[in-house]
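Structure record follows, encoded as structure tokens.
No value in this document is a laboratory result; all are computed from the given coordinates. Treat the numbers as computed from the prediction; the structure is a model and nothing was measured. Positions of Cβ are generated from backbone atoms using ideal geometry, with glycine treated the same way; all protein chains shown enter the neighbour counts.
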Amino acid sequence: MSAKAQETLISFLSTGICNASQTFSGLEDAEWRALEATARQNNVFPLLSHAVESLGIQLPPRAEESMAQMRSDCFSKAMGHIAAAVRLCRNFHTHGIDVICVKGTARAFEVYGKWDARFTHDIDLLVRSRDYRGAAKVLTKIGYDAPISESDVWWHDFLGESPYLPVDTTGPTVDLHHKLHQPGTPALTHLDPLHERRVTRQLGNFSLPMLDKRDAMMLTANSFGKAIRARQPWLSYAHEIAFARANDPEMTDDVLDEHAAQSGMSRLWEHAKKAGDAVFGEDASKAKRERALIDLARINFLPEPVPMYRSKLLWRWSEGSIIRPFTFLRELGWVTLADIQHDLFASRRWKT
């Protein structure tokens, strides 16, 4: 990932977030190839295509063909996912199960107003803990296969989720959740209020139960944190947060900061917010942007973690002042337990 391609990508993706001037009137074929590769590597190629189109950037013929094919594929996949999500939610409601469609295609449309703004690979559905086993039975009854054993404590109880695969292999995978918190990254842990705050949104011709926008932003911050912790690309999450803050009048910093504090996610939220500002913000200093871009490049060039990398992040995100060390140690203990249990259950599955 070249520095020039990275800077060009950031410049284009800032469209709709800040008013920074764009200096490119056109791109040569070699420049486009590097830019497309960088965008794909960071999971933002659909967003790049929309930015290029809105800016009227002149592209080589190969680029036009590549973008048209990608957006067609993205749109087709999104339509399949959203239709499947609607059917699944209706099935759950028929069985008296409260469900919320989180992340994915629906969330991308809510933020960007386009069906081809993001590639998604599965459908994430959140149910109450008391309904989790019943929801799993509904999925298997309507044609989904459960690759995880019903007795697998690691998945169902510790992680609080499990994948379900369509029997015909043509539809999307369903990730069924009754928890959103995985050890090592702050998350929304009190989920009953999420169900109380859920809203039914009209997304084009589709209607789906979704998270309150404030909760959705916290979940995106959680995804950002998990990506940072796993040294995976985080640019798409930072862009979503920055774009929503810039374009949704309801999502003011005061509202979101207060909700983050109430959710026990203030420090992680601040990290995610500052990352978006550093990369896409109009007022970001050159030094802040350079540091953010270096951090972004490290994910691609330096996959090996620095010493105590995850522990340092965990300390940075731990809440509290006087109780902060105890919060940190408690979560560190959960991380250690998670690693032990993961290895233990993986070993048992391998032996069987």
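Structure above, values below:
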| quantity | calculated |
| --- | --- |
| C-alpha center-to-center spacing [the stretch 201-252, the stretch 37-111] in angstrom | 14 |
| Rounded FRET efficiency, nearest 0.05, which uses the C-beta distance separating Ser311 from Glu250 and R0 of 51 Å | 0.90 |
| Contour minus Cα-Cα distance for His93 and Lys226 (0.36 nm per residue) | 44.8 nm |
| Neighbour-count ranking [beta-carbon atoms within 10 angstrom, fewest first] of Ser151, Ser162 | Ser151, Ser162 |
| Cβ-derived FRET efficiency at R0 41 Å, Ile322 paired with Lys137, nearest 0.05 | 0.35 |
| The chain - share of DSSP beta bridges that are antiparallel (%, nearest 5) | 65 |
| About the Cα centre, charge dipole magnitude for the chain (Lys/Arg +1, Asp/Glu -1 at Cβ), debye | 740 |
| Segment Cys18-Asp212, extension gain: residue separation times 0.36 nm, minus the distance between their alpha carbons | 67.3 nm |
| Residue order, fewest to most beta carbons within 10 Å, for Leu55, Leu219 | Leu55, Leu219 |
| Above-threshold pairs, the threshold being 28 Å between Cα atoms, out of Lys4/Lys103; Lys77/Lys213; Lys4/Lys213; Lys114/Lys141 | Lys4/Lys103; Lys4/Lys213; Lys114/Lys141 |
| Length gained when the stretch Arg33-Asp257 is fully extended (0.36 nm per residue, less Cα-Cα span) | 76.7 nm |
| Charge dipole of the stretch 83-234 about the Cα centre (unit charges at C-beta), most positive-ward option of Val86, Met210, Ser151 | Met210 |
| Exposure rule at most 12 other beta-carbon atoms within 10 Å, DSSP loop GluC sites (Glu not before Pro): the chain longest free segment | 29-149 |
| Theoretical ellipticity at 222 nm over the chain - DSSP helices of four or more residues, -39500 (n - 2.57) apiece, nearest 500 | -18500 deg cm²/dmol |
| Cα-centred dipole magnitude for the stretch 82-211, charges only on beta-carbon of K, R (+1) and D, E (-1), debye, nearest 20 | 440 |
